[in-house]
1. Cα centroid distance between the stretch 45-76 and the stretch 89-150, in Å?
2. Taking semi-axes √(5λ) of the Cα gyration tensor in Å straight from the coordinates, which label in [x] 28, 21, 17; [y] 28, 27, 15; [z] 77, 21, 14 is the correct one?
3. Please give the helix 15-25 orientation as an angle from the longest Cα principal axis of the chain, in degrees from 0 to 90, rounded to the nearest 10.
4. Give the relative contact order (percent, whole number) for the chain; include only Cα pairs under 8 Å separated by 6+ residues.
5. What ranking do 68-76, 183-191 get when scored by the average of other Cβ atoms within 10 Å per residue, highest first?
6. Just rank 6, 28, fewest to most, by other beta-carbon atoms within 10 angstrom.
7. May I ask you to list the lysines whose Cα is less than 25 Å away from that of residue 236, ignoring any residue fewer than eight positions away on the same chain?
8. Quick one: 55, 62, 67, fewest Cβ neighbours within 10 Å first, how do they rank?
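FYI, it's all coordinate maths here, none of it is from the lab. The structure presented is a predicted model; accordingly, all values stated were derived computationally and were not measured. A quick note on method: Cβ atoms are made from the backbone with ideal geometry, for glycine too, and the neighbour counts reach across all protein chains shown.
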Amino acid sequence: MRILIIGGMHGNELLGLKIVKLLHSMPIKSVGTVLANEQAIVAKRRYMGLDLNRSFPGSSKSKNYESQRAAQLLRLARKYDVVLDFHNTYCPDNNCGFVGENASQRLYNAAWLLGIKDIIVADYDCINKYAVNCLSVEISLNGRLDRPELWYERIKMLSKLDNFSVTPSIRKYRFVYRMSLDDKDRLDLPSKNLKAFQPMDSKTANALGVKSPALPIFIGDRFTPYNYGGILNRLKESE
């Protein structure tokens, strides 16, 4: 299986950078690597002009660096069977994966084999929407999965598989809302004791305009201080 590893989609999230570095020192056959936002990595910033993972599909004719880079990454992604895009979050217990609406069953199978059991379907302009073979992996900092050596071994295992069939035990969600700083203040969200993947009370969900059960994620993440968090709805197996 041909696998592409993306590090540094956000330049200040380090797990992907460490995995790419490890793969450079110990290459795995059929596994390629790319540093996504090289300028932001050098600057140790999330992004330069625009958030790269909100710039897809991008344009090669754009004057904006991140928009150009988005278009380049999509062209590169088409050359691989599976793309793994690594991210970090400061929030504990937020390990999960993101895929696009049209992700194949093969990508869900790969996620399960990699140990990612919570999968979120995203339809906003991220890489997953446009690269249907891309799984973005979100890992909580300083948790048990925040180890590049662990992911190196899992990637190595996956690279040896070609046609595989499993029955994954996956929990699927749809990303439905971004909680703003205005929402935080208006509804006093810090007092609600919101926890990742655990339903918020229906009154708060109604006030935010989302159906219950509504499950928060990335609450107060320092990587995205311009948002307070996100909200998910659980999907049925058939969806």
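1. Rounded to whole Å, the Cα centres lie 20 Å apart.
2. The calculated read-out lines up with [x].
3. 10
4. Values: 519 pairs, mean separation 44.6, N = 239.
Result for the chain is 19 percent.
5. 68-76, 183-191
6. Ranking 6, 28 by Cβ neighbours within 10 Å, fewest first, gives 28, 6.
7. Counting by Cα, and skipping residues close in sequence, residue 236 has these lysines nearby: 117, 129, 172, 195, 203, 211.
8. Numbers: 55 25, 62 15, 67 20.
The order, fewest Cβ neighbours first, is 62, 67, 55.
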